[in-house]
1. Please go through (1) at pLDDT 90 or above; (2) surrounded by 10 or more Cβ atoms within 10 Å (Cβ to Cβ) for Tyr20 and return the number of the only condition it doesn't satisfy.
2. Can you name the condition, by its number, that Lys39 falls short on among (1) open to solvent by less than 50 Å² (accessible area, probe 1.4 Å); (2) free of Cβ contacts under 8 Å to residues at least 24 places away in the same chain; (3) not hydroxyl-bearing (Ser, Thr, Tyr)?
3. Would you tally the residues in the range 14-36 being of a type outside the set (D, E, K, R), assigned to a helix (DSSP H, G or I) and free of Cβ contacts under 8 Å to residues at least 12 places away in the same chain?
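The values are calculated or read from the model by the stated rules, or taken from the named source; none is laboratory data. As the structure is a prediction and not an experimental result, all values here were calculated from the model. Neighbour counts are summed over all protein chains in view; Cβ atoms, including those assigned to glycine, are modelled from backbone coordinates with ideal geometry. Note: accessible area is taken over every heavy atom of the protein model, side chains too, but ligands, DNA and RNA are not part of it. Shrake-Rupley method; radii C 1.70, N 1.55, O 1.52, S 1.80 Å.
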Amino acid sequence: GGMGKTEIALKFAEDISSQYRYIFWVDATNEDTISTSLKGISSIPDAKKADVDGTPEVVLYWIASLSKE
């Protein structure tokens, strides 16, 4: 910790943000935080419109489908 990894990731996301419609931030500290992050993604308006429920598998499937739009 404390080496600036988060700042590098944020700067990278900022630099490429114009190239992508979405940038998702997932806390991958452990399985629970990953699930919580994915559940949070399911609450964004476009995910709700696509009937994405809060299960990690469905959220990941939806994210994968975004590259096809």
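1. Going through the list (1) at pLDDT 90 or above; (2) surrounded by 10 or more Cβ atoms within 10 Å (Cβ to Cβ), Tyr20 breaks only (1).
2. Here Lys39 clears every test but (1).
3. The number of residues fulfilling the criteria is 6.
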